[in-house]
1. Rg/Rh for the stretch 94-158 to two decimals, with Rh computed the Kirkwood way over all alpha-carbon pairs.
2. Pop a pseudo-label 7 angstrom from the Cα along the beta-carbon direction at both residue 187 and residue 203 and give the gap in nm to one decimal.
3. Kindly express, to the nearest 10 degrees and within the range 0 to 90, the angle between helix 13-22's C-alpha long axis and the longest C-alpha principal axis of the chain.
4. With a Förster radius of 22 Å, plug the Cβ-Cβ distance of residue 10 and residue 135 into 1/(1 + (r/R0)^6) and report the FRET value to the nearest 0.05.
5. Taking 2.2 N^0.38 Å as the expected size of a compact globular protein, what ratio does the Cα radius of gyration of the chain give against it, to two decimals?
6. Using 7 Å Cα-to-Cβ label points, what is the residue 55/residue 275 separation (nm, one decimal)?
7. What does the charge dipole of the stretch 76-173 about its Cα centre add up to, to the nearest 20 debye, if the Cβ of each Lys and Arg holds +1 and the Cβ of each Asp and Glu holds -1?
8. Contour minus end-to-end for residue 212 and residue 326, with contour as 0.36 nm per residue of separation and end-to-end as the Cα-Cα distance?
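Bear in mind that the values in this text are calculations on the coordinates, not laboratory data. All of these numbers come straight from a predicted model, not from anything done at the bench. All Cβ positions, even for glycine, are placed from backbone atoms using ideal geometry, and neighbour counts span all protein chains on display.
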Amino acid sequence: MIIADIPKAILPSLYARWADDLLGPIPAETEATCQQCVLLLTSSDSNTTQSINPRTKCCTYYPDLMNFQVGNILNETNPYKAPARDVVMARVRAQFMSTPLKLQKPPVYNIIYDKNPFMGSALRLRCPYYVEEVLNGACGIWQHRNAACTTWFCKHVRGNVGHSFWRDALEPFFKFLEDALGFWCLTRLSLPEENLERLLKMSNYTSDSRFTPDILDETVDPKIHKAIWGPFIGHEIEFYQECGRLVSCLSTSEVLVIGGSKATLYLSLARKAYNSLISKSLPRAVRPGRFQLQPQGNGIAQVIGYSGCDPLILPSDLLPLLSYFEGCTVEKALNIIREETRFEIEPDLVRRLLDFEILIENSETN
Ligand code: SF4
């Protein structure tokens, strides 16, 4: 199937509503261009730090999907919105790692994943929901992807400020809500206690777990499947679809009530990170951070601060000037640089160097 375009919305529709209601408009991460993979474009340059497989892009990850996310994928009637819907359907029908709570990755995947430190390299690790035929390869469940996929970007407009917002604040908040809503669906659909008990006893497999032959062969013991699904056995697809409908109908305030006080705490951290994301204010004093330098010739250098995926290209002449920031305020350092050198550094550039951790805040300078 060739699809002309995929939705460009930054967040899955459910999360977009929650974020709009609870935070405000989130600036787009325009540097992480998934369709025209920016890491692929730059990996042909031998000086870059990352080599990406064009058949996987960064999707060498197998996400677990909560019951309502599975349901919302299965509820899609528009193939443009969930081109990997058939893959999800086939996984539910195969029953392996399909429970009333979630559709989990095969445990063996964890072993291979944990031993492979290179993102976006091995085809063996490619996400099953990645669709190679869409554009240049794209996520097939984009509208319903989980918290981990939603909050991962290879590059951030605001460097580490963006990374901290998405990964340290928004991901745990969304992940917590995902889990809470998954369990809420079980109560709403009245999964009997004996099935719930069996479900909660299921192992969480890691690469250290002992695997049974069933787990290794990706087959299902019908007795265990029945013990988990109870009255919903044979109706797993309808169960998931109903979870999707139930969660989609919730208002944001109802979602927060279901999440309880822990969700409120996560939200306060997300708001703090959001305020940093939309603020361009400068600290009183800064100093050089730890960064790696790779001269590129022609008077420019690649400077890696917070992430090897997201270097800055800077004029080589700028870098010796960073020592002027040691031991004095930003204002004073900018004045000295203006007076003693032929350079003028704008406050916006200081902010950018801070965002990418080429400079870091210095709270010790008076
Ligand atoms: S769900 Fe989508 S974004 Fe996440 S790893 Fe799979 S293809 Fe990539």
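1. Details: Rg = 13.8 Å, Rh = 14.1 Å.
We get a ratio of 0.98 for the stretch 94-158.
2. For the pair residue 187/residue 203, the computed spacing is 3.0 nm.
3. Once rounded, the angle reads 60 degrees.
4. Numbers: r = 17 Å, r/R0 = 0.77.
The formula returns an efficiency of 0.85 here.
5. On the way: Rg = 23.8 Å, N = 366, 2.2 N^0.38 = 20.7 Å.
Here the Cα radius of gyration is 1.15 times the empirical estimate.
6. Here the answer is 4.9 nm between the modelled labels.
7. Numbers: 13 positive and 7 negative charges, 22 e Å.
My answer is approximately 100 debye.
8. Working: separation 114, 0.36 × 114 = 41.04 nm, distance 5.89 nm.
Value of the extension gain: 35.2 nm.
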